[in-house]
Amino acid sequence: MIGRIGSRGIAELLGSWHSGRATSGGLHQAVRQLVLDGRLPPGTRLPAEREFADALGVSRTLVVRALDLLRDEGFAASRQGSGSWVRLPGDRAHTDPGGWPPSTPDLINLAQATLPAPPEFTAALDRARCRIPAELGGHGYQALGLPELRERIAEHHTRRGLPTNPRQVLVTNGAQHAFALVLRTLVSPGERVLVEHPTYPNPLQAIRGAGAEAVAVPMLAEGWDLDLMSATLQQTTPKLAYLIPDFQNPTGIQMTAQDRERLVAMLRRTRTTAVVDETLVELDLTGRTPPPPVAAFGDDRVITIGSAGKAFWGGMRLGWVRAPEDLVQRLLLERAVMDLGSPVLEQLVLAELLADPEPALRRRREEVTGMRDSMIAELAEQVPGWRFRVPDGGLSLWCDLGTPVSSRFAIAAEEHGLRLVPGSRFAVHGHLERYLRIPYALPVEQHREVVRRLAAAAGRFDGMPDPGPLEVPIS
């Protein structure tokens, strides 16, 4: 299960869903369109019927009838005691609450761009296990994070050109937790948060969940439109900006050093604080000397969040915030409302991995480069009409399908055993239907099968670029 959308959140997504008299059919069509657009992803738990009705100002009977229609068409499922949740027609994975399923021969999961743990993880775990007895005599609560891990994270930033002391680091349960904590501390309901367009969907959900408004600045084909961003900062006066300068998700573009310096100057002029997401910073596939971290150009205007999830392993669920010391203390106070710290064993494992991270990260980059190049070769052979920019780093391609069918394509791909996320999930207001994110973070031996299934799904749509003949029919 992805998560629960509150009554306020779904009311905002629905907006003006009827003109004149509200009907169950109109509500059914409006929710159905949100699902097809990817703005209500499969697995999202819907509000309780009475809560749903109160938020929309309609009768509970109307909501019940609309949900019946959605269930009849396969766009919702329900179970007594568990409520109702979003699904897609023919989607066996979300007939009952649960998470995204793993890839199998019958279903290849391209909804997540994630990697398995590297070989070095096991050795780090063994070393951490030997050290855990020394921690068992204490209380185990480390709201700031283990001192040793904070030192290692600080050293990691310093090596990259951003001098950092451990007092500037707060360990979190992943980068998403870090961003949610910053939002809770700095942004009030009704305030604005500037984001790139397209951008990573989970922070958009966090912004909506905080009652804030996302303000989108479109990306250019080769990077950031800083002129438009500057104008947007001045005109909308956002409280915060959420940016991914290192291998922007989903486009894979990296911001230049010159643009980073200019960005921070703009932030200073408008007194805007930026949250810079460095989740993918270690997956640099360019071979070039990387630009300095954005915070190196303006420590006072940049909060950096990082994660072990992409570089090492998502199952560790560890991330961090790097910020001025006074803000770290504010975050610490706010954290007590959400949780009391991160697991000790995982922190010991990450501290071991960061003791000498470069050999593991170098092998990781080589591995991912091979995955990227393999997927590009298969796409060029089997769906040559799809266009994309070769990403500078990260774990996915941002493909232009040539026609606005992304949400319908994702549904068709399910019939061919592929789970995809449509382009609209990466949009602030549900557009980007020409685009599809294709992760290449799968074993190379699966790539040919993945693209064969993509080509088979593409054959369902008139007007799409000709994918060429399939070598093997898809059953």
Query raised in the report: Under unit Cβ charges (Lys, Arg +1; Asp, Glu -1), what dipole magnitude, rounded to 20 debye, does region 3-94 have relative to its Cα centre?
Result: 140 debye
Report task. State the antiparallel share, in %, of DSSP beta bridges confined to the chain, rounding to the nearest 5. Result -> 50 percent
Query raised in the report: Along the positive direction of the dipole of the chain (beta-carbon charges: Lys, Arg +1; Asp, Glu -1; about the Cα centre), which of Val428, Pro118, Thr158 reaches farthest?
Result: Val428
Report summary line: When the charge dipole of region 3-94 is computed with +1 at the Cβ of Lys and Arg and -1 at the Cβ of Asp and Glu, the Cα pointing farthest to the positive end, of Ala77, Gly25, Leu62, is that of Ala77
Query raised in the report: What ranking of Asp106, Asp299 emerges when the number of other C-beta atoms within 10 Å of each C-beta is taken as an exposure proxy, fewest first?
Result: Asp106, Asp299
**Report entry** Debye, to nearest 20: dipole size of the chain, +1 on Lys, Arg Cβ, -1 on Asp, Glu Cβ
**Finding:** 980 debye
Requested in this report: Run the dipole for region 120-355 about the Cα centre, Lys and Arg Cβ at +1, Asp and Glu Cβ at -1, nothing else charged, and hand back the magnitude in debye, nearest 20.
Outcome: 360 debye
Query raised in the report: Among Tyr141, Tyr200, Tyr440, what is the fewest-to-most ranking by other Cβ atoms within 10 Å?
Result: Tyr141, Tyr200, Tyr440
Requested in this report: Just the number, please: percent antiparallel of the DSSP beta bridges in region 120-355, rounded to the nearest 5.
Outcome: 35 percent
Query - Expected 222 nm ellipticity per residue - DSSP helices of 4 or more, -39500 (n - 2.57), all of the chain, to 500 - result: -12500 deg cm²/dmol
Query raised in the report: Let a ≥ b ≥ c be the square roots of the eigenvalues of the Cα gyration tensor of region 120-355; is it rounded (a/c under 1.5), or, if not, prolate (a/b larger than b/c) or oblate?
Result: prolate
Requested in this report: Taking the Cβ of each residue in Leu67, Leu136 as the centre, tally the other Cβ atoms inside 10 Å and list the residues starting with the fewest.
Outcome: Leu136, Leu67
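Every number in this text was worked out from the coordinates using simple rules, so none of it is lab data. All values derive from a computational prediction rather than experimental measurement. Using ideal geometry, Cβ is built from the backbone for each residue, glycine included, and neighbour counts are taken over all protein chains shown.
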